[in-house]
Amino acid sequence: MSTDTAIIETRELGRDFKVRDGVRRRTLTAVDDLSVCVGAGEAVGYIGANGAGKSTTIKMLCGILVPTRGSVTTCGLRPVADRRELARQVGVVFGQRTQLWWDLPVRESFTILAAIHGLGRTAETARTEELVDRLELAEFLGTPVRQLSLGQRMRAEVAAALLHSPRLVILDEPTIGLDVLSKQRLREFLVAERTVHGTTLLLTTHDMGDVERLCDRILLVDRGRLVWDGTLAGLSRTVGAQRVLVVDLAASTPDLVDVPSTQHLGSEGGGLRQRLAFDPDTTTAAKVLAAVSERVEVLDLAVEEPDVEDVVRRVYAARR
Amino acid sequence: MPTSIQTTGRTSWRPYWRILVAGFRRQSTYRLAALGGLIANTTFGLLKVAILFATVRAAGGDLNGYDIGTISAYIWISQGLLGSVNLNGRSDIATRIKDGGIVVDFLRPLSVQAASVATEVGQSIFALIPRGLPTVSIGVLVVGMNVPSAASGYLLGALSLLLGIVVSATTVYLVAAAGFWLVETRGLQILYMVVSGFFAGLFVPIDLFPNALRIVAECTPFPSMLMYPVDVLSGRVVGMDALGLVGLQVLWLVLTALAGHLMTRAGRRKLEVQGG
């Protein structure tokens, strides 16, 4: 995987919207002064609170929205001017929107998209088979899209966006509303796609699991501005984002305040359930669990990930 | 270098043809709706028979060139085309511009306008099967009507019919594209619905309009959608005159397509994708 070619390059990119506020109109800056360079083969998580400007940025990268300021190059092309050429090199999944033909069987959406992208017969067959196999679509290929479950539809959406083997794949909230198993399958697929084809990934998400398992670089935006560009570990370290181990104990236990490298967050049910925060850089869930097990029998456990909102809140708080 | 799949020719009709077929297939999944449309078309056809036959008879069997045979053809062909020619102003793309679904259209290596028109045309062509043909058959078999006497009449009629469908799609696209500026185009769509049926000659043939009103109608694309195809298909207008009507349809197709192209180009800059 080479990272010397820039797939995405923005310079002082900005976009304003005019919004109506009662009778007055005011200008809302959705994205401001965004300068970012993403190389070929990178996997980048683009995170931030709702309204931080993530979707607006994505739409400018694809040539859907015209920037108010600054410049943007995607796959070496000018997104607005070269929209149609760019569309052949980029695949986008908007978690909230469908690009499938609602009334027709899933299979038909793929043949239509293959025609739209001008795939030859051989390429179409090979790629469709690959996606059907890896995303496990075979069982519902003949089902009309409107009858699919959300998990099935999202897998079909991803296949539709990737059918033309784009160099850059952009996923806007790809796992929103999916159950644990569906999320897991989708993430595994994306990891494999990247390994096999060297695809560049850019994804926005509120799911820390997505970021941890898929991304090696984080871009964090706050009110339209880039406030972090680096690894997730680095970000978590900076803001002290912690994981939380929740343990259900066999007997009422005094608060576990002295487990090494943890912080006791609270107890319920007279000490039957306790919450311990720990920093994944200094210890592991297994070590914490072992330390707790030495004192009292553990019946059940859960590890809570810091969600993106939490990380974001900490970054935002630190900036103010 | 990432693996990339070799693509065939860049400017090609194949994607648009495939999208047209998808529109056709999509419409074919709404069978009950088609049956409902057919019943409505036939009912109103019989009403129009009662009113317009009486009018022709009251005029002594000849009403501005219409006799019972030609007025019957007018009624049944226009009723049959109602499922295919868009006189209500609604389109999927107008909804997508309003709710932000339009992003998907812009993510494809296609002309957004041409893809939308192709979809609409595909749906319209399908509607000829469950709605157009049965309605006209009822006219021919049950009531009786004039039909072209020569094969060339049918050929030109089919072309005129297709042009009517396409002109209605390119014109309705203009209503939708106004949404780049207005976002909510329902008012415009209702205006279109009120005006289009009247000027397209749905209620009364435009040759029966007062002269000034007929001229106004002819300055709009609406007669190209319904009146001209009906005139050519029924054999009421033949020869060079029929070719003239088809020429007018082509003119309106070019004008509305060009306007839609310019509106899309300008509108893109105004686009503020709604939601998410």
Q. Got at least one residue in the stretch B:30-44 being under 30 Å from residue A:116 (Cα atoms) and either touching a Ser or Thr at 6+ places or on another chain (Cβ under 8 Å) or surrounded by fewer than 16 Cβ atoms within 10 Å (Cβ to Cβ) (or both)?
A. yes
Q) Tell me, which residue of the stretch A:87-112 that is under 24 Å from the mean Cα position of the chain (by Cα), at the interface with chain B (Cβ under 8 Å from one of its Cβ atoms) and not in a loop (DSSP other than H, G, I, E, B) is modelled with the lowest pLDDT? A) A:94
**Q.** Among the candidates A:156, A:160, A:138, A:192, residue that is of a type in the set (Gly, Ala, Ser) and either within 13 Å of another protein chain (Cβ to nearest Cβ) or in contact with a Phe, Trp or Tyr (Cβ under 6 Å, 6 or more places away or on another chain) (or both)
**A.** A:160
**Q.** Residue ID - nearest to residue B:208 (Cα to Cα), chosen from residues in the stretch B:251-272 that are surrounded by fewer than 16 Cβ atoms within 10 Å (Cβ to Cβ) and more than 14 Å from chain A (Cβ to nearest Cβ)
**A.** B:251
Q | From A:231, A:253, A:283, residue being surrounded by 16 or more Cβ atoms within 10 Å (Cβ to Cβ), without any contact (Cβ under 8 Å) to a residue 24 or more places away in the chain, over 25 Å from residue A:157 (Cα atoms) and of a type outside the set (D, E, K, R) | A | A:283
Q) Filter the stretch B:94-119 for residues that are within 14 Å of chain A (Cβ to nearest Cβ) and β-branched (Val, Ile, Thr); which is farthest from residue B:35 (Cα to Cα)? A) B:103
Q.
Given the condition under 29 Å from residue B:131 (Cα atoms), surrounded by 15 or more Cβ atoms within 10 Å (Cβ to Cβ) and within 12 Å of another protein chain (Cβ to nearest Cβ), answer yes or no: does some residue in the stretch B:6-16 qualify?
A. yes
Q: Just give me the residues in the stretch A:157-201 being touching a residue at least 40 places away in the same chain (Cβ under 8 Å), more than 11 Å from residue A:91 (Cβ to Cβ) and not in a helix (DSSP H, G or I), in sequence order.
A: A:172, A:173, A:174, A:175, A:176, A:177, A:198
Q. If you check B:125, B:102, B:97, which single one turns out to be within 27 Å of residue B:261 (Cβ to Cβ) and either basic (Lys, Arg) or at pLDDT 95 or above (or both)?
A. B:125
Q) What is the residue count in the stretch A:256-270 for residues that are surrounded by 13 or more Cβ atoms within 10 Å (Cβ to Cβ) and in a strand (DSSP E or B)? A) 5
Q. Any residue at all in the stretch B:198-208 that is in contact with a Pro (Cβ under 8 Å, 6 or more places away or on another chain), buried (at least 17 other Cβ atoms within 10 Å of the Cβ), free of Cβ contacts under 8 Å to residues at least 24 places away in the same chain and in a helix (DSSP H, G or I)?
A. yes
Q) Are any residues in the stretch A:7-23 more than 14 Å from every other protein chain (Cβ to nearest Cβ), modelled with pLDDT of 85 or more and surrounded by fewer than 20 Cβ atoms within 10 Å (Cβ to Cβ), and if so, which ones? A) A:9, A:11, A:12
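Residues checked against (1) farther than 30 Å from residue A:6 by Cα; (2) surrounded by fewer than 20 Cβ atoms within 10 Å (Cβ to Cβ); (3) among the aromatic types (Phe, Trp, Tyr); (4) at pLDDT 95 or above:
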residue	(1), (2), (3), (4)
A:48	no, no, no, no
A:71	no, yes, no, yes
A:78	no, yes, no, yes
A:143	yes, yes, no, yes
Q.
Name the single residue that is farthest from residue A:36 (Cα to Cα) among those in the stretch A:59-69 being surrounded by 18 or more Cβ atoms within 10 Å (Cβ to Cβ) and more than 9 Å from chain B (Cβ to nearest Cβ).
A. A:67
Q: Check residue B:64 against each of (1) under 25 Å from residue B:131 (Cα atoms); (2) polar (S, T, N, Q); (3) modelled with pLDDT under 90 and name the one condition it does not meet.
A: (1)
Q | Subset of the stretch B:26-63 (residues that are in contact (Cβ under 8 Å) with a residue 12 or more places away in the chain and part of a loop (DSSP other than H, G, I, E, B)) | A | B:28
Q.
So, in the stretch A:25-59, how many residues would count as being among the charged types (D, E, K, R) and under 25 Å from residue A:190 (Cβ atoms)?
A. 3
Q. Restricting the search to the stretch A:222-255, which residues are in a loop (DSSP other than H, G, I, E, B), of a type in the set (D, E, K, R) and out of contact with any Gly (no Cβ under 7 Å at 6 or more places or on another chain)?
A. A:223
Q: Scan the helices (runs of 4 or more DSSP H) fully inside the stretch B:75-187 and keep the ones with 3 or more residues being surrounded by fewer than 19 Cβ atoms within 10 Å (Cβ to Cβ) and under 15 Å from the mean Cα position of the chain (by Cα).
A: B:151-177
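To keep it simple, each residue is scored yes or no on (1) at pLDDT below 85; (2) touching a Leu at 6+ places or on another chain (Cβ under 8 Å); (3) closer than 13 Å to residue A:45 by Cβ.
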{"site": "A:187", "(1), (2), (3)": "no, yes, yes"}
{"site": "A:212", "(1), (2), (3)": "yes, yes, yes"}
{"site": "A:239", "(1), (2), (3)": "yes, no, no"}
{"site": "A:245", "(1), (2), (3)": "no, yes, no"}
{"site": "A:254", "(1), (2), (3)": "no, no, no"}
{"site": "A:257", "(1), (2), (3)": "no, no, no"}
{"site": "A:262", "(1), (2), (3)": "no, yes, no"}
{"site": "A:274", "(1), (2), (3)": "no, yes, no"}
Q) Can you name the condition, by its number, that residue B:169 falls short on among (1) over 18 Å from residue B:121 (Cα atoms); (2) touching an Asp or Glu at 6+ places or on another chain (Cβ under 6 Å); (3) not aromatic (Phe, Trp, Tyr)? A) (1)
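The values are calculated or read from the model by the stated rules, or taken from the named source; none is laboratory data. Please read all numbers here as calculations on a predicted model, not as lab measurements. Here the Cβ is made from the backbone with ideal geometry for all residues, glycine too, and neighbour counts use every protein chain on show.
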